[in-house]
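Reading through the structure tokens given below for one structure.
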């Protein structure tokens, strides 16, 4: 894999104050395609993405994005010019229209030619299905539409690295599918990081997935590898099994148990979610480690 | 796959990297000038400019100082909007997003500052439009660019202050609060500070904190103040751009602040220079006045006010052309400079006040005017004032206060009209200079004077009929000399208190054909203007219906109010 087309993190650490360790020697590497970052709340996902987006400097470790070291000024500047970032809680200038907001960000992305910029803004708004809402004030848009505005600005200038922190939250099913389609297409030749709690998005979109918890990487592999973590550990039964770490009643009325299956259990094919739950469950961490 | 998503594959933008500040500034500037509140503020400014010019013939020396006030709403809105723009990154929590973008965050604030050129330009355009409009209306004098520039620069300064306040206090209430504080500071510095030079520390400096002085008697270091204003803008601009943690920047701004204060103090001290020239303007006024004779009147004006003669001549000619006979002339109409609140020494201000109404060369009484002349609805007031003075002169009534005192012969003739019991009080009033004027109540010649003045022009007749002839008598035009009695006093610079009965008789004359009245006057002119002819006798001579409004106030009561009988 060429280093000019990859993102590499080595032994990355970040603390907030004395006690909070957000990242603890985390390392990972990703090339073109969609890379999913999974993890429970407080796992360090957002800190990781903010460092990748050059918003936050790491305390230690090395981050190379497309060959640029973001801990150096020139490298950081170069990365910003080829980066699209959608924060977890993107703020908006409420008095701006959707077009005005994206246009404003486009200027800050140094697209200074007005004609070129307006064409670009029209393009990204169309990509996220907001052409018809471009002239509406952001304060009048629904939560899902605002997420799409945030996604649109991240796509400005056709960035080679796209960092998206929970982009599909608040989207309706149709828009989620549309976003999946868009991201999978963009991922052909771009490095996309996608932080999410939606394991089905990871299963549908990602070529790689990293499971992060307490600042360290618990898992690295493909979504099917993650699903395989649960192989032989998911079974259906008529009643909850006391050996299961977790269980729930399915739509068919059966109990889906996850954990160490008893002999003779009716094992079923595990999903990415099953693998993830086994990794980050109360006992999963020690087992995975 | 949708067509839109397929288009996501367009080739990457190969663009030249350029600083976004210019383009951001354009966007920020456009956001301010297209804001409905900004547009409303310009409309409010138009209304203020209209109010400033509607009731008076514009004199640039006065108007160019006042005109920046019309831009105060615009400055307030600019401050408000700049504050919101400056604080919106923090308020709207887009700091993370902006931190990931190639343009540094400082470029946003720099662009907002640069964007203030748009509202400043709009304010400058506003001034140009108003100036053109005022010129078209026949303004006197020449506007001073340094004074007119204050308005747009105040807009720029307020915008910069808005950026700083938004930067340091990024709170919802910050915009309204800082707008209120700046407005209060401006008003306090301009009007509340008792130290005269301190008012020059404010962005806008009024002509005077007391009175309405003639522009010629004011010392305005306009260019120096403009420099001060620009320095202030520079200082606030630096504060807007300096990062909050930058100690060097803070130190540099502190040094700038000291330089500014010193500049302001120097400027204030310079403001006392040139007083000698002002004193000369007052002491040797005739050297600076130009006179023009028109038939029976001689008009004398200061340089630049020559067009006023045409305006004055209308009511004066209206009276003089109707009177059957005129006293030995000519009638003197002299422009004086109102010194109250001016930059003259107080002693000189008093001296000037004492000289009003006396021709400095001949020592004869003269009608005095100043640098004001009414326009629109206020035209009648100016014309009636001058017409009454002219009619007083024609009928032998004193046209000015100087005709009452302290001349011994005048005093003697006044005292003859006063009953023996009140003579001491009258003498005291006259010699102390405390006489407000004289009362023509009961004197028949005042009917003639009132009719001549009221009929001088259309505006004088309208005003006389509306505000004098029909009750209630409006305050400010004619004020009641004696609430219970029959007298009224014209409060427009004349010294004669007129009787209500005489006013009613004058209205009766106005209702008659003009030629008929003129013929009556010609027949009995000498008797009618005789000071000893009573109102009742004059009414009988002119066959007027009795119009009695009550007993005339006693001489004692008149004296208590500061009025002696008209000699």
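Starting from the Cα of residue B:212, move 7 Å in the Cα-to-Cβ direction to define the label point; list residues of the range B:367-385 whose amide nitrogen is under 19 Å from there. B:368-385, by backbone N distance to the label point. Model label sites at residue B:458 and residue A:131, defined 7 Å from Cα along the beta-carbon direction, differ in position by 6.5 nm.
Cα centroid separation, the range B:425-462 to the range B:21-80: 45 Å. You can think of it this way: the chain between residue B:545 and residue B:413 has 44.4 nm of extra reach, that is 0.36 nm per residue less the Cα-Cα gap. Against chain A, whose longest principal axis comes from its Cα atoms, helix A:143-154 is set at around 60 degrees. Here the translational diffusion coefficient of the range A:138-239 follows from Stokes-Einstein with Rh set to the Kirkwood radius across Cα pairs; for 20 °C and 1.002 mPa s it amounts to 139 µm²/s.
Normalising the average separation of contacting C-alpha pairs (under 8 angstrom, six or more residues apart) by the number of residues puts the relative contact order of the range A:180-289 at 24 percent. Here the spin labels are modelled as points 7 Å beyond Cα on the Cα-Cβ line, and at residue B:95 and residue A:69 they lie 2.8 nm apart. Structure remark: mean-square fluctuation, Gaussian network model of chain A, C-alpha springs under 10 Å; the largest value among A:93, A:197, A:118 belongs to A:93. Would you kindly give the portion of the calculated P(r) for the range A:47-169 that falls above 21 Å, as a percent of all Cα pairs? Roughly 39 percent, once rounded to a whole number. Taking the centroid of alpha carbons for each part, the range A:59-129 and the range B:87-151 are 28 Å apart.
Calculated FRET efficiency, residue A:246 to residue B:261, Cβ-Cβ distance, R0 = 41 Å: about 0.05 to the nearest 0.05. Protection proxy ranking for B:286-292, A:224-230, using the average of other Cβ atoms within 10 Å per residue and placing the highest first: A:224-230, B:286-292.
Cβ crowding within 10 Å ranks A:111, B:173 as B:173, A:111, fewest other Cβ atoms first. Could you tell me the distance between the Cα centroids of the range B:255-294 and the range A:215-250, to the nearest Å? If you average the Cα positions of each part, the centres end up 91 Å apart. Cβ-Cβ distance of residue A:139 and residue B:47, R₀ of 35 Å, FRET efficiency by 1/(1 + (r/R0)^6): the value works out to about 0.65. For the pair residue B:532 and residue B:325 in one chain, pulling the backbone fully straight at 0.36 nm per residue adds 72.7 nm over the alpha carbon distance. Taking label positions 7 Å along the Cα-Cβ direction at both residue B:192 and residue B:219, the computed distance is 2.7 nm, reported to one decimal. Helical runs assigned H by DSSP (4 residues or longer) give chain A a calculated mean residue ellipticity at 222 nm of -9500 deg cm²/dmol, each run adding -39500 (n - 2.57) before division by the residue total. For chain A, the relative contact order works out to 21 percent when only alpha carbon pairs closer than 8 Å and six or more residues apart are counted.
Using 0.36 nm per residue and subtracting the Cα-Cα separation, the extra length available between residue A:188 and residue A:4 on full extension is 64.7 nm.
Shape of the range B:122-218 from the C-alpha gyration tensor: oblate (a/c of 1.5 or more and a/b not above b/c, with a ≥ b ≥ c the square roots of its eigenvalues). Taking the longest Cα principal axis of chain A as reference, the axis of helix A:98-108 is set at about 80 degrees.
What the pair-distance distribution of chain A shows, using all Cα-Cα distances binned every 10 Å from zero, is 6, 26, 31, 22, 11, 3, 0 percent. Taking the radius of gyration and the Kirkwood hydrodynamic radius from Cα positions alone, what is the Rg/Rh ratio for the range A:13-55, to two decimal places? Looking at the range A:13-55, the ratio lands at 0.98.
Estimated from the Cβ-Cβ distance and a Förster radius of 60 angstrom, the FRET efficiency linking residue B:466 and residue A:113 is about 0.35.
Legend: mean number of C-beta atoms from other chains within 10 angstrom of residue C-beta atoms, peptide A:202-215, equals 0. Working value for the protein assembly as shown: equivalent-ellipsoid semi-axes of 89, 27, 23 Å, each the square root of 5 times a Cα gyration tensor eigenvalue, largest first.
Read the figures in this text as sums done on the coordinates, not as results from a lab. Since the structure is predicted, the reported quantities are computational estimates derived from the model, not experimental observations. Heads up, the Cβs are rebuilt from the backbone with ideal geometry, glycines too, and the neighbour counts pull from every protein chain shown.
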